[in-house]
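Here is the structure we will look at.
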Amino acid sequence: MQQRGWMAWLSLWGIVLVISLATLAPVIWVFSLSFKPPQEWLAYPPTLIPRQPTLENYIVLFWPGNPVGVVSEMVRTAEPVPRPFVNSLIVVPISTALSIVIGFLAAYGISRFGAGGNFLPFSVLTTRMFPPIAFAVPLLVYYRSLGLIDTHIGLILMYTTFTLAFSLWMIKGFIDGVPRHIEEAAILDGASRWRVMFTITLPLIRGGLAAAALFVFIMNWTEFLFALIFTSRFAVTLPVQVSRYAGAVGRYYGPQAALGILASIPVLIAGYLIQRYLVRAFTFGLVK
Amino acid sequence: MTHEAPILVRLEKVTKEFNGTIAVQDLDLEIWEGEFLCFLGPSGCGKTTTLRMIAGLERPTRGEIYLREQRITDWPPQRRNFGFMFQNYALFSHMSVYENLAFGLRIRRFPSNEIERKVQAIARVLELEPVLHVRASRLDLSTMQRVALARILVIEPQLLLLDEPLNNFRPGLREMMRAELKRWQHQFGRTMVYVTHDQEEALTLGDRIVVINAGRVEQVGTPDEIYWRPATLFVASFIGRPSMNLIPVQYQEFDHQAYVISPDLRVPIGSYRDDIIKTTSFPNLILGIRPEHLLLSDLSHPSHFVRFPAEVDLIRPLGRKQILDVKTRSGHILQMVSLGGKPIAVGERIEIAFDPQNILLFDPKTEKRIY
């Protein structure tokens, strides 16, 4: 870096800065918006830093219509946020965990024993080949007769199924990367298949599992279409709730932005917690 | 190693097919208690497959495997209690050396103080104490090899199977590790089956050698037997470097004396006439002679030696020795080994002599040795 001189250094960081800004601009805008009072939401010229910063957008999420201010008047009828938040925190981790566990077991069978033949791994992908909306009508019929509409379990089943293709393929890639000889060595040492799977293979692809889990978590956490169609009151998730602040009833951009910011926090925490595994997952082939 | 050693493992007509391709065919083999047995053959000849069948990692398509006369063909590998050392060692890279060694013992439910004792003991012997708590992925190759060996020794297997364990070493280190292995085998006195494609390795390490080619056993014997009395043309040409000279010859008799002749040679053969007449391709035969048995003719050689003229075609000096490619009058290229430093030039006409006692004769059809 030193030899390249300050010009090179400057241009490198300049490029990094520009790209980062372009990527983060919407996030920054939403963050700023979440602290703006209603008259600034669509003000022209727009402001980046709110002239009269306020926490009202956040407060009304939890006590709609209760506290003082203009915004509370506007969103009086909205559902308080805790319920969708709790719903998301129930549905998303459980379906993510299920998807990863089932994905791992299935991927192991496919990778090591060719379970299901050549067509199975491919056929799993079909769940992601159609626009999701194509599944909505048949599923709606099933769900209605099974009483699964607007339930946690209904969403969990759906999210697990639709992310399974993803976790299966991702995890299969990592399992394929574990040398068979290592497993055979454990078998010759006397270990059963299950033991090999959990004490040898699983620890070796931990990073890969973490990466897959994070991606599946994000997919589920931000899933909107199915949640919108299959929930109404009881099991409403965060993305649906976010959408409700700017719908037919009005355009409450401030609270919407505030909820968006709050919704991103769990993902940020999850990502931070497993980031050390992520690095390892992506350099998996190098450190063997 | 004497023939009285009891048989530990016996393979009977073992065949392995992969999707219709035959990897190993009708293989009969005995592994004797306490011996160092080498499987030698070119890559892809089925030696590793055979080893994996003994270990139970592959199931024979046909045939049976016996352990002390008990049929174990269907036993899973876990039940056989054999140690298997893989070419790349297959250490559990996410565990420490200690955990690697303790793994098999934990499965066998040894009490923890017993595990500790056994691991420490084997670590002391193989000088692994300083690295016991290092992650296996951080070790260098030769340490990995010792860990791999320790891991299979610690469970006290009745048979050690090693699949080309020295392949990853550079040449100098290879010889050193080879010597180490031989020392360990004496030290632990266990039966070992060792797979290699390196004939030098097989000749130095093995009590007996099984030469395998294209899924079939060509010959089983001691290194000396393999080298001096090769059973087939394949063994004859595969073992020894430079490889044995093979010359097509014909059987003929003059004045009640038997000879094999080629355009360049006329070699008297005394006593084995009857065997030759029985061969399928009679009177065509193949004569084999080792390069070190071809000598630059001089007056000190006894008169019964066969002599023939040739021309030096290529000289490959090897320090103390040199390899000469010589062209006979009929244009056949033969290889011979002579002492280095002899003033010989390419193109020079020389006379070559050899003792007719040193020739081998093969049947070109069956490729078996007649004499």
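The values are calculated or read from the model by the stated rules, or taken from the named source; none is laboratory data. Everything numeric in this text was worked out from a predicted model, so none of it was measured. For neighbour counting, all protein chains shown are included, and Cβ atoms are generated from backbone atoms with ideal geometry for every residue, glycine included.
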I'd like to know if the range B:177-192 contains one or more residues that are crowded, with 16+ Cβ neighbours inside 10 Å, at pLDDT 90 or above, in contact with a helix residue (DSSP H, G or I) (Cβ under 7 Å, 6 or more places away or on another chain) and not acidic (D, E). yes
Scan the range B:166-197 for residues that are over 18 Å from B:E35 (Cα atoms) and touching a residue at least 60 places away in the same chain (Cβ under 8 Å) and report the count. 3
Please specify each residue of the range A:143-160 satisfying the condition of being assigned to a helix (DSSP H, G or I) and closer than 18 Å to A:V91 by Cβ. A:Y143, A:L146, A:H152, A:I153, A:G154, A:L155, A:I156, A:L157, A:M158, A:Y159, A:T160
In the range B:99-114, how many residues are closer than 21 Å to B:F82 by Cβ, more than 37 Å from the chain's Cα centre (by Cα) and assigned to a helix (DSSP H, G or I)? 0
What are the residues in the range B:78-98 that are closer than 11 Å to B:M144 by Cβ, at the interface with chain A (Cβ under 8 Å from one of its Cβ atoms) and within 29 Å of the chain's Cα centre (by Cα), if any? B:F86, B:N88, B:A90, B:L91
Could you please let me know if A:L209 is surrounded by 17 or more Cβ atoms within 10 Å (Cβ to Cβ) and at pLDDT 90 or above? yes
Would you point out which residue out of B:T73, B:T50, B:T21 is among the polar types (S, T, N, Q) and surrounded by 20 or more Cβ atoms within 10 Å (Cβ to Cβ)? B:T50
Checking the structure you have, find out if any residue of the range B:350-362 is polar (S, T, N, Q), touching a helix residue (DSSP H, G or I) at 6+ places or on another chain (Cβ under 8 Å) and either in a strand (DSSP E or B) or surrounded by 13 or more Cβ atoms within 10 Å (Cβ to Cβ) (or both). yes
Sort out which residues of the range A:157-189 are among the small types (G, A, S) and either away from chain B (no Cβ under 13 Å) or surrounded by fewer than 20 Cβ atoms within 10 Å (Cβ to Cβ) (or both), and write them in order of number. A:A165, A:S167, A:G173, A:G177
Odd one out for B:A214 among (1) surrounded by 16 or more Cβ atoms within 10 Å (Cβ to Cβ); (2) among the aliphatic types (A, V, I, L, M); (3) in contact (Cβ under 8 Å) with a residue 40 or more places away in the chain: (1)
Considering only residues of the range B:109-157 that are surrounded by 14 or more Cβ atoms within 10 Å (Cβ to Cβ) and among the basic types (K, R), which is nearest to the other protein chains (Cβ to nearest Cβ)? B:R151
Condition check: within 24 Å of A:W194 (Cβ to Cβ), within 14 Å of chain A (Cβ to nearest Cβ) and assigned to a loop (DSSP other than H, G, I, E, B). Does B:L57 satisfy that? yes
